[in-house]
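Chemist: Below are the structure tokens for one structure; questions will follow.
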Amino acid sequence: MLHGRRVLIGLGGGIAAYKVCEVISTLFKAEVQVRAILTQASQEFITPLTVTTLSRHPAYTDEVFWQPIHTRPVHIELGEWADVFVIAPLTANTLGKLAHGLADNLLTNTVLASSCPVLLAPAMNTQMWEQQSVQRNWQHLLSDRRYHSVGPDAGLLACDRVGSGRIAEPPDIIAAIQSLLHAGGKRDLVGKRVLISTGGTREHLDPVRFIGNPSTGKMGLAVAQAAMHRGATVTLVHAPIAWNVPLGMRAIPVVSAAQMQQAVLEWFPGADIIVMAAAVADVKPAEYAAEKLPKKLLPTSLPLESVPDILAELGQRKQPHQCLIGFAAQTGDIVTPALQKLNEKKLDCIVANPIDRPDSGFGSDTNQAILIDKQGRQVEIEPCSKLQLAHHLLDFVLYPEVRIQSIE
Ligand code: CTP
């Protein structure tokens, strides 16, 4: 998804520029070609040398822009070169200029001289971010399909205020870049509502002990991110997970299968695409002790009850316009049991996912799968990032006429 692609980063003048250095470094390590433009103000926070060192390429500044040289103008060259243009941190000043089509430095001239998707990562003080004029500019700019956004987050700002305006975290910026590179800026899920479950449910025996599984929820999160980046309204029902749900999606935390069932059924009728990526516990202890059981009172064998199969219930309730997707985490032969689940649970598509290989399954950052739909199409996705697998899955259900051959 990233290897060999060309990402142009425009740094504005804000302290968040130091976080963008991490983005540049991560992109370089992922073998992305990175070029960076620094505005005059950004150089008060970081130097061209920092960015040159991290990107392994001389940084571009306004000084370079105004040099009388006999080659093609640098803003034209850079604009044509980039697959994606990321402006981070986006300041109120640069935002205002872009919203009004103004160009008075290398960064803004390059935006106007290019046609690739532009990802904006704003960062400023809450008071500044919430100004009507700034918000007007922001909404105006985003109404142009060329511009995409990541953040801003809320939290402790460099001005000691707690509020919105903090730059998105580097992994969220990287994920947004990956999605833009995959989809080429296409927002083919605008107006669609996508419901996703993820994480491993827990069935408690007492307040401390539970029956669970090693799912970390990364795969479902990747599907949620991919759908959000492609314009969907996303609801993520998640069992306990170790990370924060990114801004921009509705997050519903649950613990047990029964709670997940309740939340999923509530949001199901309004959803267009439903992805059950959660590892739902299949059984629960027959009895629950409200107080922690002392060790000596713990049973030596545990009577169990089965929990409802949420996906099978969704299959019964599914309307013709809804697309229902399940996961089959399997060992050994992955296709036969996945096909059985696809048919028995009345699904549109299932992700047959091997969990006994080193580069896929629980907790891994990568995954592989065979995508199978009810018409009998099967596509094998070789090991790739979970975000990339998520995009392949969305392509598979959105474009049934296209045979996906491009496999990582
Ligand atoms: N699932 C569910 N509710 C359950 C169990 C599973 O909604 N109680 C969903 C999972 O989210 C997944 C799919 O069903 O999308 C398949 O889950 P999996 O655990 O692989 O299969 P099971 O149907 O539980 O069958 P088995 O454990 O026998 O393989």
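Any read-out appearing in this document is the output of simple, stated calculations on the displayed coordinates, not a laboratory observation. Quick caveat: nothing in here was measured; it's all calculated off a predicted structure. Because the Cβ atoms are built from the backbone with ideal geometry, glycine has one as well, and the counts that use them run over all protein chains shown.
Chemist: Which whole-number value in Å³ per residue fits the convex hull of the alpha carbons of the chain?
Modeler: Working: hull volume 69.2 nm³, N = 408.
That works out to 170 Å³ per residue.
Chemist: Still on this model: For the range 289-360, which GluC sites (Glu not before Pro) pass both filters: DSSP loop (anything but H, G, I, E, B) and at most 16 other C-beta atoms within 10 Å? The partial results should precede the final answer.
Modeler: Details: sites: 291, 305, 313, 344; in loops: 291.
Of the GluC sites (Glu not before Pro), the ones in loops of the range 289-360 whose Cβ has at most 16 other Cβ atoms within 10 Å are 291.
Chemist: Sum up the charges of everything whose Cβ sits under 11 Å from the Cβ of residue 187, counting Lys and Arg as +1 and Asp and Glu as -1, but leave residue 187 out. It would help to have the intermediate numbers written out before the result.
Modeler: Details: positive: 145, 146, 186, 192, 230; negative: 188.
Cβ neighbours under 11 Å give a net charge of +4.
Chemist: Tell me the volume per residue, in Å³, of the convex hull enclosing the alpha carbons of the range 198-349.
Modeler: Values: hull volume 20.4 nm³, N = 152.
Given the Cα convex hull of the range 198-349, per-residue volume reads 135 Å³.
Chemist: Can you give the Kirkwood hydrodynamic radius for the range 6-183, in Å, rounded to one decimal and based on Cα pairs? Mind showing how you got there, number by number?
Modeler: On the way: mean 1/r = 0.0623 Å⁻¹.
About 16.1 Å for the range 6-183.
Chemist: Okay, moving on. Kindly provide the chymotrypsin sites (Phe, Trp or Tyr not before Pro) of the range 54-122 that DSSP labels as loop, not H, G, I, E or B, and whose Cβ sees at most 14 other Cβ atoms within 10 Å. Could the numbers behind the result be given before it?
Modeler: Numbers: sites: 60, 65, 66, 81, 85; in loops: 66.
Passing both the DSSP loop test and the Cβ count: 66.
Chemist: If I model a spin label at residue 291 and residue 247 as a point 7 Å from the Cα along the Cα→Cβ vector, what separation in nanometres do I get?
Modeler: For residue 291 paired with residue 247, the spin-label model returns 4.5 nm.
Chemist: Taking 0.36 nm per residue of separation and subtracting the Cα-Cα distance, what length does fully extending residue 357 through residue 298 add? Provide the component values of the computation, followed by the final result.
Modeler: Numbers: separation 59, 0.36 × 59 = 21.24 nm, distance 3.53 nm.
Contour length minus Cα-Cα distance gives 17.7 nm.
Chemist: Given DSSP loops and a limit of at most 10 other Cβ atoms within 10 Å, what is the longest stretch of the chain that contains no such trypsin sites (Lys or Arg not before Pro)? Don't skip to the end; give the middle numbers.
Modeler: On the way: sites that count: 56, 403.
After excluding every exposed loop site, the longest remaining stretch is 57-402.
Chemist: Further question on the same structure: In whole angstrom, note down how far apart the Cα centers of the range 74-146 and the range 1-30 are.
Modeler: A separation of 16 Å, based on Cα centres.
Chemist: Between residue 29 and residue 64, what is the FRET efficiency for a Förster distance of 22 Å, r being their Cβ-Cβ separation, to the nearest 0.05?
Modeler: On the way: r = 26 Å, r/R0 = 1.17.
Efficiency, rounded to the nearest 0.05: 0.30.
Chemist: I would also like to ask the following. For the range 18-47, which GluC sites (Glu not before Pro) are in a loop by DSSP, counting at most 12 other Cβ atoms within 10 Å? Each step should come with its number before you reach the end.
Modeler: Values: sites: 22, 31, 44; in loops: 31.
For GluC sites (Glu not before Pro) across the range 18-47 that sit outside H, G, I, E and B with at most 12 neighbouring Cβ atoms in 10 Å, the list reads 31.
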